[in-house]
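First up is the structure itself, then whatever we jot down about it.
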Amino acid sequence: MTIGKSDIGKSGDRGPREFKSHMAEREGNVIVIAEKNVVTTHPLNSIRNVAKLMEEHDFRRIPITDAGTNRLEGMAVAIDILDFLGGGEKYNIILKDYNGNFLSAINCPISKIMNPNPAYVDKKASIDDVIKIIIKKKTSSIPIVEDLEAKKVIAIVTERDVLPISDAFGLSVKEAMSRKCITSSPGMMISDVSKIMVRNRLRRLPVVREDELIGIITVFDVLRFLGYGEFKGVNAEEVLSKTRVEDIMKKKVITLKPEDDLALVPKLVKETGIGGFPVIKNNKIEGIVTTSDVIRHFYMG
């Protein structure tokens, strides 16, 4: 396992927030383990500002709420911002509504690309209910509302809140990891990376040169580029084709071995805030293991 001290708490994935789930019980109301201080934003906030908000707070999903009532209106999702950047169909918004003007487009309201029908539960929902939704919907966070009619957001629960903690699961990383590991080259453009992430619904790509792992690029690295980049052009294609993966990727990578116990993943998530780790054998990538893999294999058996 390779770990750089400078990476602790600076993952480029999500910050090392408090772990609330120290056991695997699935009974009880989810409000007990949920985060009460919810970061939300309003539908008119710009895409660029929401990208900054995600990067600053290390959230891939932010509830969009009415400024007056805090009623849930939708969900801003990091992968949708990548879609907008050129990764998928939402890129057509830049071309159609803004004539390809990137600077104008990134300042348009987040309501343009938010998910208007996100999964949510009321405060009486059980932990088991939420786990089932996380697995079925393949979502990493679910807003909790006061009641299903008013839909006033009072908390949020994430994958991390339901991650089981144990010294050993008796299950190897190899048994749970995704063997299909899509990688990036250091010379790939941000627009290309966005397309790959959107098409395959991926949060991170290991960066490889001549079959050797040299870094990793995540959704947050791209969001940081969108939120804080100094753009000299206005054409979207030109802007996104001038920055390469090697310019924004993380060069220090935490890795696991195939034979490691899967229980090591939640421990590393807690310690570093990183949500996924390349699996290496003989200096070659064998796969990648994430928080989603842990939840799916632990709770589904």
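Looking across the range 158-212 at every residue that is among the acidic types (Asp, Glu) and part of a loop (DSSP other than H, G, I, E, B), the one that is nearest to LYS284 (Cα to Cα) is identified as ASP211. For first residues located in the range 32-44 and in contact (Cβ under 8 Å) with a residue 24 or more places away in the chain and within 11 Å of THR65 (Cβ to Cβ), partners that are charged (D, E, K, R) and part of a strand (DSSP E or B) and lie 6+ apart or on another chain with Cβ distances below 7 Å form the pairs PRO43/GLU73. The residues of the range 118-137 that are under 17 Å from ALA76 (Cβ atoms) and at pLDDT below 95 amount to a single one, LYS137. Scanning the range 238-274 for residues that are assigned to a helix (DSSP H, G or I) and either touching a Phe, Trp or Tyr at 6+ places or on another chain (Cβ under 7 Å) or farther than 27 Å from ASP192 by Cβ (or both) yields VAL239, ILE248, LEU264, VAL265, PRO266, LYS267, LEU268, VAL269, LYS270, GLU271, THR272.
The values are calculated or read from the model by the stated rules, or taken from the named source; none is laboratory data. Since we're looking at a predicted model, the values are computed, not measured. Positions of Cβ are generated from backbone atoms using ideal geometry, with glycine treated the same way; all protein chains shown enter the neighbour counts.
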